[in-house]
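**Student:** Following this message is one structure expressed as structure tokens.
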Amino acid sequence: SDILPMTLVTGTKRDALAGTERKKARAVVCVHFQKQAPGEDLYTASADITSVRAALAAAAHLWWGLKVIGVKTAFLNAPLPDHFEAVYVRPHQALIEFGLVKPGTVWRALKAIYGLRVSPKAWGVERDKEMKNVTATHRGRKYKCEQSHIDPSIWSIVPSAGVPNASEEVGAAAMGCVAVYVDDFAIISDDPVAELVTQAIAKKWRITDKPAIKAG
């Protein structure tokens, strides 16, 4: 396999609500050096705007709030697919000059490093796999996230397996939904349920969390 070079992407992340800013630097693979395999699947599902509007319309009727969280360095949580060829990368020279990496170092990528074409797809697979295991207990009843058959990036918060008549109650007893856009999650529900779902997701990944927007 070829050894792919890396570069550093720098920027400033500002939080208008908190009035803070943070300098960031990320080592990424130079994607234009990577050979493209014929027919490779790189698509990552994200919520369609029509689905989000429908969810928000339903939320307004029920006086549910909205909470947005994001997964930090999301792609690095996803292992590269087993069928994908081994990927080797050479760290950027700046990492050597800072004393973080020894000269001559070559890494084999085990996770979906930013810059690899397959990384968004790998993260999408990992994200959906973990979302199927997200559960929350509210008022003595256990709920799970169930993926929509119409839009796979919309997850309904519904009674979990083992709840009596759960299949019949899904429509009536749904406690909200989660709309996913790559590594951002919009949790639409009342505050206690949104917080429980946030806590469940935080057990799986490191997240950024912002205050909920209340209905009305």
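The values are calculated or read from the model by the stated rules, or taken from the named source; none is laboratory data. In this text, all values refer to a predicted model and were calculated from it rather than measured experimentally. No Cβ is skipped: glycine too gets one built from the backbone with ideal geometry, and neighbour counts run over all protein chains shown. Keep in mind that these areas ignore ligands, DNA and RNA; they rest on the heavy atoms of the full protein, side chains included. Shrake-Rupley method; radii C 1.70, N 1.55, O 1.52, S 1.80 Å.
**Student:** If I build a Gaussian network model for the chain, linking alpha-carbon pairs within less than 10 angstrom, which residue out of C30, C145, C177 has the largest mean-square fluctuation?
**Tutor:** Highest fluctuation of the listed residues: C30.
**Student:** Take the alpha carbon gyration tensor of the stretch 1-134, find the square roots of its eigenvalues, order them as a ≥ b ≥ c, and report rounded if a/c is under 1.5; if not, report prolate when a/b exceeds b/c, else oblate. Display every interim value, and only then the final one.
**Tutor:** Details: a/c = 2.79, a/b = 1.53, b/c = 1.83.
Judged from the Cα gyration tensor, the stretch 1-134 comes out oblate (a/c at least 1.5, b/c at or above a/b).
**Student:** Now a separate question. Leaving out ligands and nucleic acids, note down the accessible area per residue over the chain with a 1.4 angstrom probe, in whole Å².
**Tutor:** 60
**Student:** Here is a follow-up. What nm value, rounded to one decimal, do you get for the distance between I3 and H83 when each label is placed 7 Å out toward the C-beta?
**Tutor:** Inter-label distance under the simple model: 3.0 nm.
**Student:** Between W107 and R206, what length in nm is gained on full extension when 0.36 nm per residue of separation is reduced by their alpha carbon distance? Don't skip to the end; give the middle numbers.
**Tutor:** On the way: separation 99, 0.36 × 99 = 35.64 nm, distance 2.39 nm.
Here the segment from W107 to R206 would lengthen by 33.2 nm.
**Student:** Report the longest stretch of the chain that contains none of the GluC sites (Glu not before Pro) sitting in a DSSP loop with at most 13 other Cβ atoms within 10 Å.
**Tutor:** 86-216
**Student:** Could I ask something else about it? Which residue, A122, A27, A47, has the most motion in a Gaussian network model of the chain that connects Cα atoms within less than 10 Å?
**Tutor:** Checking each option, the largest mean-square fluctuation is seen for A27.
**Student:** Mind jotting down the distance between the C-alpha centroids of the stretch 172-216 and the stretch 28-99, whole Å?
**Tutor:** Cα centroid to Cα centroid, the span is 19 Å.
**Student:** Related question: Rounded to the nearest percent, how much of the accessible area of the chain (1.4 Å probe, protein heavy atoms only) is carbon and sulfur? The partial results should precede the final answer.
**Tutor:** On the way: 7180 of 12920 Å².
Result for the chain: 56 percent of the exposed heavy-atom area is carbon or sulfur.
**Student:** Pop a pseudo-label 7 angstrom from the Cα along the beta-carbon direction at both A94 and R141 and give the gap in nm to one decimal.
**Tutor:** With each label placed 7 Å out from Cα toward Cβ, I get 5.2 nm.
**Student:** For the pair A18 and N133, how long in nm is the line joining their label points, each one 7 Å along Cα→Cβ?
**Tutor:** The two pseudo-label positions are separated by 2.8 nm.
**Student:** Okay, moving on. Of the chymotrypsin sites (Phe, Trp or Tyr not before Pro) in the stretch 1-88, which ones lie in a loop per DSSP and count no more than 14 other C-beta atoms within 10 Å?
**Tutor:** The qualifying sites are Y43, W63.
**Student:** Would you look at the GNM of the chain, springs on alpha carbons closer than 10 Å, and say which of P81, P103, P152 moves the most?
**Tutor:** In the Gaussian network model the winner is P103.
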